[in-house]
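Contents: one structure, followed by commentary.
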Amino acid sequence: MKQGIYTIIENKPLTSDIFLMRLQGDTSPLTNPGQFINIAIEGMFLRRPISVCDYNEKEITIIYKVVGKGTEAMSKMAAGKNLDVLCGLGNGFNTERAGEKPVVVGGGVGVPPMYGVAKALIEKGKKVTAILGFNTEKEIFYKEEFEALGCDVKITTVDGSVGIKGFVTNALSQTEYTDYCACGPEPMLKALYNATDKPGQLSFEERMGCGFGACMGCSCKTVYGNKRICKEGPVLVSEEILWDKEASK
């Protein structure tokens, strides 16, 4: 983890409430796809944790949804503004664990980090299927970017307006794969876990206080005891997670 000043070089809407921001600064703390950054917002006590979509030696790309005052303030920031950022948080996905035909699954704002995972897997010569889940056609973003990587992209919409009607599990049942990586709301992750016996890695979305393991405010029960989503996570392997009774197999 490293704290630094990063400069906004682009901040634009992808949909009515989804924005893409590119930041210039030190990206050396990022070592795995699926890590996140924590952004300080002027006048607000807590930083905003945002998953990294992509990065190179000079830039970080994040995609975020406007859901409150913090992200609303971010959506109004112009290129050239400097931000105080904690970079390189969380463990990210272990791409060495993936088989030859992994599937990456993203639901809503869980889609962005899966782009980085898919990119890393394809660079390793894997044949990647991307399942991207949305509520309706108007919410879809980044489909073309996944296709440009070389992914076989499957879109699901709850209302059936585009692609496969229903949830990401509907698309998963129609896919041949060796293992999976996923990010999205916890009900989606539970549904995926219950829908397959294949090994998986799941990135959890949690409200966070400090973002680096000091406050214990974002813990998850595992067979090894409680793990902090911001520190030992956000990615946990499927076989270690202790779900509640309703979600257990």
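Values quoted throughout were computed directly from the atomic coordinates according to the rules given, and no laboratory measurement underlies them. These numbers come from a predicted model, not from an experiment. Note that each Cβ is placed from the backbone with ideal geometry, even for glycine, and that neighbours are counted across all protein chains shown.
Observations on the model:
- Computed over the Cα atoms of segment 95-240, the ratio of the radius of gyration to the Kirkwood radius (Rg/Rh) comes to 0.97.
- Cα-based helix-to-principal-axis angle, 111-123 vs the chain, degrees rounded to 10: 70
- Lys, Arg +1 and Asp, Glu -1 on Cβ, resulting dipole of segment 2-89 about Cα centre, debye, nearest 20: 180
- Inverting the pair-averaged 1/r between distinct Cα atoms of the chain gives 18.2 Å as its Kirkwood hydrodynamic radius.
- Cross-link pairs exceeding 29 Å between alpha carbons, from the set K154/K190; K127/K221; K126/K165; K58/K190: K127/K221; K58/K190.
- Note on the chain: with charges restricted to the Cβ of Lys and Arg (+1) and Asp and Glu (-1), its dipole about the Cα centre is near 360 debye.
- Candidates R97, R22, R47: whichever shows maximal mean-square fluctuation once the chain is modelled as a Gaussian network with Cα springs under 10 Å: R97
- Kirkwood-based shape ratio for segment 1-89, expressed as Rg/Rh from alpha carbons: 0.92
- Alpha carbon centroid spacing (whole Å) that separates segment 3-18 from segment 32-73: 8
- Each Cα pair under 8 Å and six or more residues apart adds its sequence gap; the mean of these over the residue count of the chain is a relative contact order of 17 percent.
- Residue-averaged 222 nm ellipticity for the chain, from DSSP H runs of 4+ at -39500 (n - 2.57), nearest 500: -4500 deg cm²/dmol
- In terms of packing, defined here as the mean over residues of other Cβ atoms within 10 angstrom, the peptides 76-87, 104-115 line up highest first as 104-115, 76-87.
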